[in-house]
Amino acid sequence: MKENFKAALDFVMAHECVFATGHEGDFSRVMTEDVSGDHGGLTKFGIDQRSHPDINIRALDYLGAARIYRDGEWTKCRCDELPEGFDVAVFDTAVNCGVGTAALMLQRALNDEGAEPPLQEDGFIGPKTIAAAARNRGALMHYLALRDSHYGDLVAENIDLRKFMRGWLNRLGDLTAALTTNGDMEAIV
């Protein structure tokens, strides 16, 4: 496991966890939530019941959530193999928008920035996508811009999602700031 998984997980947890009043940062006091309009249903540590029907969400603890994220989004997006910055951005996008969307956005950003040869935009991160990311670090900011556009598209398709827009954009702003401040993930967690 790449050392950066911990920093990426810290970023995600800072944006996904709802703590009991007076217990901010205490992962043993993360609340279970069921937000109206969030189709994931019961959620804790950002892990939702709809996506994980076999998990007891109410009993989920920090280590269990970390394992789900490592075995799911981190591994499926091959974040260990992506260059620094891309690893955290793709992981957080996978958590927030889905693995396929995160991968597709990465391929699109790399193609928009002139990937040679152009990548097949298939939503799966393979060796060609990883190599293109290593060659084109400048595509990271374009990747974040595509994520911003994605949120606008979601709200345009379903106006009821507008209530989540501020949180999505704040999270994206935090990620952008972290990645442009010498990659210092500690600055935001």
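The values are calculated or read from the model by the stated rules, or taken from the named source; none is laboratory data. Fair warning: this is a prediction, and the values are worked out from it, not measured in the lab. In this analysis, Cβ positions are derived from the backbone assuming ideal geometry, glycine residues included, and neighbour counts consider all displayed protein chains. Heads up: the accessible areas ignore ligands, DNA and RNA and are worked out on the full protein's heavy atoms, side chains in. Shrake-Rupley method; radii C 1.70, N 1.55, O 1.52, S 1.80 Å.
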Surface/4 estimate of mean projected area, convex hull on alpha-carbon atoms of the stretch 45-123, nm²: 5.7
Sites ARG137 and GLU3 - FRET efficiency at Förster radius 25 Å, r taken between beta-carbons, to 0.05: 0.85
Nonlocal amide H pairs with PHE19, under 5 Å, H built at 1.01 Å: MET31
Solvent-accessible surface ranking, highest first, for LEU175, LEU63, LEU161 at 1.4 angstrom: LEU63, LEU161, LEU175
Assigned charges on the beta-carbon of Lys, Arg, Asp, Glu; the chain dipole about Cα centre (debye): 100
Portion, in percent, of the accessible area of the stretch 43-187 that falls on carbon or sulfur, probe 1.4 Å: 49
Magnitude of the charge dipole, the stretch 1-113, Cβ model with Lys/Arg +1 and Asp/Glu -1, debye to 20: 280
Debye equation applied to the C-alpha atoms of the chain, log10 I(q)/I(0) at 0.08, 0.13, 0.17 Å⁻¹: -0.25, -0.68, -1.16
For ASP174, solvent-accessible area (1.4 Å; no DNA, RNA or ligand), Å²: 60
Solvent-accessible surface (1.4 angstrom probe) belonging to GLU157, in square angstrom, nearest 10: 150
Theoretical gain in end-to-end length, VAL35 to LYS128 [0.36 nm per residue, Cα-Cα removed]: 29.6 nm
Surface accessible to a 1.4 Å probe, THR43 within the full protein complex, Å²: 10
Cross-link pairs LYS44/LYS76; LYS6/LYS163; LYS44/LYS128 - those with Cα-Cα distance over 25 Å: LYS6/LYS163; LYS44/LYS128
